[in-house]
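Visitor: Sharing a structure here in structure tokens format.
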Amino acid sequence: VVFAMGGDTDSTQVSPAASSEFNQGKKQIEDKDWQGAITSFTTVVRREPENADAFNYLGYASRQLGDYDKAFGYYNQALAINPNHRGANEYIGEAYLKTDNLAKAEEHLSRLDDICTFGCAEYTMLKRAVEDFKAKQS
């Protein structure tokens, strides 16, 4: 899966106090330093418990480490804060595919279809992942 760095365009602005950790976490994601990203974004959500973007990145890093239980928890926290968070809807859908739950992935694809009236990268990426998953199943 290609990581789209647009995953933090849906939500709140990061406070100056948390912005250095947030930016460091994004850099760690780019560098595939998943554990470092978890540390950075955990600091952000401690300071900003309503930061859907930071929870989304925590989910992403946890998923990359294969910790799906934590990933689902973080994605669900992001979606509780912002149900229309495009990145979290895409990434939780991809996580559901990794755990062979096509029905739940398709729920989030449908949600993205509603959110992205004229289409968006997150919808396109999850749609492709769902199609690939289905092709491997047949």
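Visitor: In the chain, carbon and sulfur make up what percent of the accessible area (probe 1.4 Å)? Walk me through the numbers on the way to the answer.
Guide: On the way: 3400 of 6990 Å².
Carbon and sulfur together cover 49 percent of it.
Visitor: Under 25 °C and 0.890 mPa s, how fast does the chain diffuse according to Stokes-Einstein, given a Kirkwood radius computed over C-alpha pairs? Answer in µm²/s, whole number. Mind dumping the intermediate values first?
Guide: Numbers: Rh = 14.8 Å.
Answer, rounded: 166 µm²/s.
Visitor: Using a 1.4 angstrom probe with every protein chain in place, what is the largest-first accessible-area order of K134, K26, K98, K104?
Guide: Most to least solvent-accessible, the answer reads K98, K134, K104, K26.
Visitor: So for the chain, averaging the separation of alpha carbon pairs under 8 Å that are six or more residues apart and normalising by length, what relative contact order in percent results?
Guide: Values: 184 pairs, mean separation 25.1, N = 138.
Once normalised by length, the contact order is 18 percent.
Visitor: Write down the accessible area per residue of the chain in Å², having rolled a 1.4 Å probe over the full set of protein chains. List each step's numbers first, then the result.
Guide: Working: 6990 Å² over 138 residues.
Value for the chain: 51 Å² per residue.
Visitor: If DNA, RNA and ligands are ignored and the probe is 1.4 Å, what is the ranking of D53, D33 by accessible area, most exposed first?
Guide: Working: D53 0, D33 65 Å².
In descending accessible area the options line up as D33, D53.
Visitor: How high is the FRET efficiency from S15 to T39, r the C-beta distance, R0 30 Å, rounded to 0.05?
Guide: Working: r = 18 Å, r/R0 = 0.61.
Calculated transfer efficiency: 0.95.
Visitor: Pairs K27/K70; K26/K104; K32/K98; K32/K136; K27/K104: which are spaced more than 24 Å apart, C-alpha to C-alpha? Mind dumping the intermediate values first?
Guide: Working: K27/K70 21 Å; K26/K104 27 Å; K32/K98 19 Å; K32/K136 27 Å; K27/K104 30 Å.
Table pairs above 24 Å Cα-Cα are K26/K104; K32/K136; K27/K104.
Visitor: Could you give the length gained on full extension between C116 and K104, defined as 0.36 nm per residue of separation minus the Cα-Cα distance, in nm? Before the final figure, lay out the partial values.
Guide: Details: separation 12, 0.36 × 12 = 4.32 nm, distance 1.83 nm.
So the extension gain works out to 2.5 nm.
Visitor: Order the following by accessible area, largest value first: Y123, Y91. Probe radius 1.4 Å; ligands, DNA and RNA are ignored. Before the final figure, lay out each step's value.
Guide: Details: Y123 50, Y91 0 Å².
Ranked from most to least accessible, the order is Y123, Y91.
The values are calculated or read from the model by the stated rules, or taken from the named source; none is laboratory data. Since the model is a prediction, treat every value here as computed from it, not as a measurement. Counting neighbours? That spans all protein chains shown, and the Cβs are built from the backbone with ideal geometry, glycine included. In case anyone asks, the SASA skips ligands and DNA or RNA and just uses the protein heavy atoms, side chains included. Shrake-Rupley method; radii C 1.70, N 1.55, O 1.52, S 1.80 Å.
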